């Protein structure tokens, strides 16, 4: 994996190589080079399978970490490409032309994190939520408990003293 | 017998056949369940379902044809039944059998489905529309071998009267059409599979594909009517087949026995097969049974 | 069984003005103008019961012919499959799954209800013809269960549609669901399962709750 | 007839829905032919689908958000709810991702028990699926048989772990308990019954003329589509690709077990059925092997610090396992606190039901749509989580 990283570093501005296991490694790349790196990996190095595309919200650093995880069926190795984008203006290049399922991942990320992928088909359509009016729910600053408390009414809890309760249940006649 | 008395007896026998048809449906559900390794609903379940459906407190309508759909269907069922002699030789259970009643009965088998198609179309549900087109297409297909086998019978016995056809089959089971004209019987029995709408020809009410076909929008007493018609129509069809091909019945007991076994034929096939696609089902009907029917006609006309 | 008995009656709902005093028709404001003509704007009305002896007989028939709407709303639906197949076989009790809401009489809420599903549940429930019954299976339908802080699931289904019987557990075993159905049968025979009438009487309260969580209300106010 | 169908411009069919030639139809969510709670928005021309849109989200609970609010150990009760018919893969992967981040090695015996758990749940899930596949083509009889046998497998689970559906058997560091006494014998009995049922299914379903007529040629996946759509599992194996994570990147003790990757070449619904049917035999063989070779003594779980105050070092990892639908993966990011920073679940149905189904459905008769959908083996909850 380190070898591949060294080869790739000649062409792309990579950083922070982290080998997790013998078959899994992560490395950082600049957002502007990400799609060309993915294309390169897919076409030249046999990383033909897009395992997933996900986002981690680093609220403290005001950054979104997009993770493109690729798998190579020949060498049976995974390579995670990390792309950090600005949290306030999250825009990223689309990869729907590389993998067909890419547009579905991007649609979900647009809905859940508010990341924009210009050019991805149907990215604006709501996929999972319907009539959602709040902020994108997977962002760290969205408080699901507060939202749920204020939107839905909870069933009031009846708390019994166990001993007293059982006494009433079992020996209520006494 | 006066026409009034005849009418009264016809309605009494209609009641008998409705009960028997519904019981048969219950038995069939039970047998299906046993094949599938479970206990199944009680035999009287169809009766409870009808009571419940009629006891629904609310009902909605989609227009006048929507009302008339089940009415047409049940009229088709009763009409089919009214012209079939139920028990051969019985004065009371011969209904309005007359010369040419085979043609009338065949018309009435069509009639109910057409009326249902009109009513279900008014419901406006897309699945109803899809199912109606499926149902009518398939009905047109299975009528072909059935009509051919009836023509073969008419050629064989030289009459269009069901009572006379039964009369010609009396005198031992070897006189039944089943043995004198087996090809026509094969063609007709295959088309009965389509008529009964069990697998593999259940394309009209395919619950996994178009839940559940024309009656998608029917509910409450509409559905109760349709369920009642299932009893009448099943009874009438089975009696027709028994009369045409299995020598008719001279008493109520042999009627029950024969109709039960005729019904079992479609149940055995239905429990073991998946469902045809609509076009495959039509292709099937227009292939082998039709060829068999044509051969049987040729045998008796040439 | 006592516990089930206690939970049958929904939480006391706030007194709401009698529906007859309000406007007689629904506004169907969620629909576009041309679509408003396609739907009925009459309010649901509580159904009248017939003569007591007759009603007892009909209730017996109703309780012995429960048709379940085949709508797997949540993970509880996975226990519906063993129930309708050979192992537990509810068809021997006269129940069967029914693919269309028009013909079904029991709605089995299988667990958590997300907002998107709630919209379909309301729609399917209103399309069912009365008397109709609701069995809420799994703890998520009762109090939110383990999704108590989730932003997308409702916490109490009885605020949106009237519930007759709750079955607790996650998952409740098929036997528990069966026990729930037998409880429902008892209730129907006793004439106590009147969720349809409750829905019609407290119609505005239910609608208000539904509209509070379903933000894009683009369906008629009552789906006849 | 040809001009009835809409013209195709730039690879997309162009048509006007108001021309009354085409019908818009919703297939689900309240529809018995749809796998679970999802829906298809169809435009049909006659009986043929000309456009299909998958709508999901009816089962969305926001797991990934909820996990951010829960301690690692508190996440356990909810991860198994992500996939209802086969929850054990979720439990294993969540635990394995935690162990990977913490650098814990689990005892040998726990590995065997986890493998047994995974294989048994694969068998149960396949049994449920094959019932759905036969039911989608209207063959209720086979569905009834397989569902009953699945229930017997669930009985084994219940005796072993205490629950029918959500077992929560795998815990971080190992497993929760040992096999009950005499469980092997009862398992063997149930498995033998399932084996017999599979032989019967061969006669009743796979050799049935009508089943063949309908399933052969339905929804063909070509090897080129596999990488373009991210197709995994049996759906990829049905077109001749030897891809199985249990062989490629063996986890637990799969490298010590003897099994083969079952493949077919046609890529249609029928070959998918056959692949899964053969895989059930493999599962049965695997369970027998595990029961024969398993060490019967030793520790069940590694010693962990107090799980309530468990903090996992900063890092990220991805773990995958072969579920019945294919590659199931957990991507876990830890920021060093007691709560996971982010857990992303990669459900195999995600690509199958969304991107793949939408394209495969075009041109299919609406009668075959349920069959196509079931043959892709999708479970909606793992799409939207």
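Out of curiosity, is residue D:20 surrounded by 23 or more Cβ atoms within 10 Å (Cβ to Cβ) and either at pLDDT below 85 or out of contact with any strand residue (DSSP E or B) (no Cβ under 9 Å at 6 or more places or on another chain) (or both)?
For residue D:20, the condition - surrounded by 23 or more Cβ atoms within 10 Å (Cβ to Cβ) and either at pLDDT below 85 or out of contact with any strand residue (DSSP E or B) (no Cβ under 9 Å at 6 or more places or on another chain) (or both) - is not met.
One line per residue, one yes/no per condition, for (1) touching a helix residue (DSSP H, G or I) at 6+ places or on another chain (Cβ under 7 Å); (2) in contact (Cβ under 8 Å) with a residue 40 or more places away in the chain; (3) assigned by TED's automatic domain parsing to the domain that holds residue D:234:
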| position | (1), (2), (3) |
| --- | --- |
| D:336 | no, no, yes |
| D:339 | yes, yes, yes |
| D:355 | yes, yes, no |
| D:362 | no, yes, no |
| D:367 | yes, yes, no |
| D:372 | yes, yes, no |
| D:377 | yes, yes, no |
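Across the range C:167-180, what is the total count of residues that are closer than 17 Å to residue C:93 by Cα and surrounded by fewer than 24 Cβ atoms within 10 Å (Cβ to Cβ)? Step through it out loud before you land on a result.
Kept after step one, since they are closer than 17 Å to residue C:93 by Cα, are these residues of the range C:167-180: C:174-180.
Filter once more, so that each one left must be surrounded by fewer than 24 Cβ atoms within 10 Å (Cβ to Cβ): C:174-176, C:178-180.
Residues meeting the conditions: 6.
Scanning the range A:80-126 for residues that are touching a strand residue (DSSP E or B) at 6+ places or on another chain (Cβ under 8 Å), touching a residue at least 60 places away in the same chain (Cβ under 8 Å) and away from chain D (no Cβ under 11 Å) yields A:92, A:95, A:115. Do the conditions hold for residue D:79, that is, is it in contact with a strand residue (DSSP E or B) (Cβ under 9 Å, 6 or more places away or on another chain), buried (at least 20 other Cβ atoms within 10 Å of the Cβ) and closer than 26 Å to residue A:147 by Cβ? Here the answer is yes, as residue D:79 does meet what is asked. The set of residues in the range B:259-276 that are within 14 Å of chain D (Cβ to nearest Cβ), surrounded by fewer than 23 Cβ atoms within 10 Å (Cβ to Cβ) and either under 28 Å from residue B:156 (Cβ atoms) or at pLDDT below 85 (or both) comprises B:268, B:269, B:271, B:272. Note on the range D:75-108: among residues that are in contact with a helix residue (DSSP H, G or I) (Cβ under 6 Å, 6 or more places away or on another chain) and assigned to a loop (DSSP other than H, G, I, E, B), the one that is nearest to the other protein chains (Cβ to nearest Cβ) is D:84.
Filtering the range D:161-182 to residues that are more than 14 Å from chain C (Cβ to nearest Cβ) and without any contact (Cβ under 8 Å) to a residue 60 or more places away in the chain leaves D:180, D:181, D:182. Scanning the range D:219-240 for residues that are free of Cβ contacts under 8 Å to residues at least 24 places away in the same chain, within 14 Å of another protein chain (Cβ to nearest Cβ) and part of a loop (DSSP other than H, G, I, E, B) turns up nothing. Per this entry, residue A:7 is counted among residues that are part of a helix (DSSP H, G or I) and over 23 Å from the mean Cα position of the chain (by Cα). Go through the range A:152-166 and give me each residue that's more than 8 Å from chain C (Cβ to nearest Cβ), surrounded by 10 or more Cβ atoms within 10 Å (Cβ to Cβ) and closer than 22 Å to residue C:142 by Cα. The answer is A:160, A:165. Scanning the range A:133-151 for residues that are in contact (Cβ under 8 Å) with a residue 12 or more places away in the chain, in a loop (DSSP other than H, G, I, E, B) and surrounded by 10 or more Cβ atoms within 10 Å (Cβ to Cβ) yields A:134, A:135, A:136, A:137, A:138, A:139, A:140.
Reported count of residues in the range A:106-116, each being in a loop (DSSP other than H, G, I, E, B) and either buried (at least 21 other Cβ atoms within 10 Å of the Cβ) or in contact with a helix residue (DSSP H, G or I) (Cβ under 7 Å, 6 or more places away or on another chain) (or both), is 1.
For the range C:98-119, name all the residues that are assigned to a strand (DSSP E or B) and more than 7 Å from every other protein chain (Cβ to nearest Cβ). First the steps, then the outcome.
From the range C:98-119, those assigned to a strand (DSSP E or B) are C:98, C:106-110, C:114; that's our starting set.
Of everything in the range C:98-119, those that are assigned to a strand (DSSP E or B) and more than 7 Å from every other protein chain (Cβ to nearest Cβ) turn out to be C:98, C:106, C:107, C:108, C:109, C:110.
In the set (1) assigned to a helix (DSSP H, G or I); (2) farther than 17 Å from residue C:173 by Cβ; (3) in contact (Cβ under 8 Å) with a residue 12 or more places away in the chain, residue C:92 fails one condition alone, (3).
Within the option set C:149, C:164, being crowded, with 24+ Cβ neighbours inside 10 Å and either under 28 Å from residue B:219 (Cβ atoms) or without any contact (Cβ under 8 Å) to a residue 24 or more places away in the chain (or both) holds for one residue only, C:164. Among residues of the range D:58-74 being touching a residue at least 12 places away in the same chain (Cβ under 8 Å) and farther than 19 Å from residue A:142 by Cα, the one that is nearest to the other protein chains (Cβ to nearest Cβ) is D:58.
Going through B:184, B:168, B:206 one at a time, which residue ends up being buried (at least 23 other Cβ atoms within 10 Å of the Cβ) and away from every other protein chain (no Cβ under 11 Å)?
Working: B:168 fails: buried (at least 23 other Cβ atoms within 10 Å of the Cβ); B:206 fails: away from every other protein chain (no Cβ under 11 Å).
Answer to the selection: B:184.
Among the residues of the range B:48-101 satisfying the criterion of being within 14 Å of chain C (Cβ to nearest Cβ) and buried (at least 22 other Cβ atoms within 10 Å of the Cβ), which is nearest to residue B:236 (Cα to Cα)? Working first, answer last.
From the range B:48-101, those within 14 Å of chain C (Cβ to nearest Cβ) are B:48-63, B:66, B:69-70; that's our starting set.
Okay, now just the ones that are also buried (at least 22 other Cβ atoms within 10 Å of the Cβ), so B:49-50, B:52-53, B:56, B:69-70.
Details: B:49: 21, B:50: 19, B:52: 24, B:53: 23, B:56: 28, B:69: 19, B:70: 17 Å.
Filtering the range B:48-101 for residues that are within 14 Å of chain C (Cβ to nearest Cβ) and buried (at least 22 other Cβ atoms within 10 Å of the Cβ), the one nearest to residue B:236 (Cα to Cα) comes out as B:70.
Every test in (1) surrounded by 16 or more Cβ atoms within 10 Å (Cβ to Cβ); (2) closer than 30 Å to residue A:42 by Cα is passed by residue A:119 save one, and that test is (1). Considering every residue within the range C:197-220, establish whether at least one is outside any helix (DSSP H, G or I), over 27 Å from residue A:130 (Cβ atoms) and more than 14 Å from chain A (Cβ to nearest Cβ). No, the range C:197-220 has no match at all. Considering the range C:66-79, the residues that are in contact with a helix residue (DSSP H, G or I) (Cβ under 9 Å, 6 or more places away or on another chain) and free of Cβ contacts under 8 Å to residues at least 40 places away in the same chain include one that is surrounded by the most Cβ atoms within 10 Å (Cβ to Cβ), namely C:72. Restricted to the range D:339-375, and to residues there that are part of a loop (DSSP other than H, G, I, E, B), touching a strand residue (DSSP E or B) at 6+ places or on another chain (Cβ under 7 Å) and within 13 Å of chain A (Cβ to nearest Cβ), the residue that is farthest from residue A:137 (Cα to Cα) is D:348. Filtering the range B:1-15 to residues that are in contact (Cβ under 8 Å) with a residue 12 or more places away in the chain and in a helix (DSSP H, G or I) leaves B:6, B:9, B:10, B:12, B:13, B:14. Just to be sure before I move on: is residue B:43 more than 7 Å from chain C (Cβ to nearest Cβ), in contact with a helix residue (DSSP H, G or I) (Cβ under 8 Å, 6 or more places away or on another chain) and touching a residue at least 40 places away in the same chain (Cβ under 8 Å) in the structure I sent? Considered against the rule, which asks whether it is more than 7 Å from chain C (Cβ to nearest Cβ), in contact with a helix residue (DSSP H, G or I) (Cβ under 8 Å, 6 or more places away or on another chain) and touching a residue at least 40 places away in the same chain (Cβ under 8 Å), residue B:43 comes out as no.
The values are calculated or read from the model by the stated rules, or taken from the named source; none is laboratory data. If you're wondering where the values come from, they're calculated on a predicted model, not measured in any experiment. In this analysis, Cβ positions are derived from the backbone assuming ideal geometry, glycine residues included, and neighbour counts consider all displayed protein chains.
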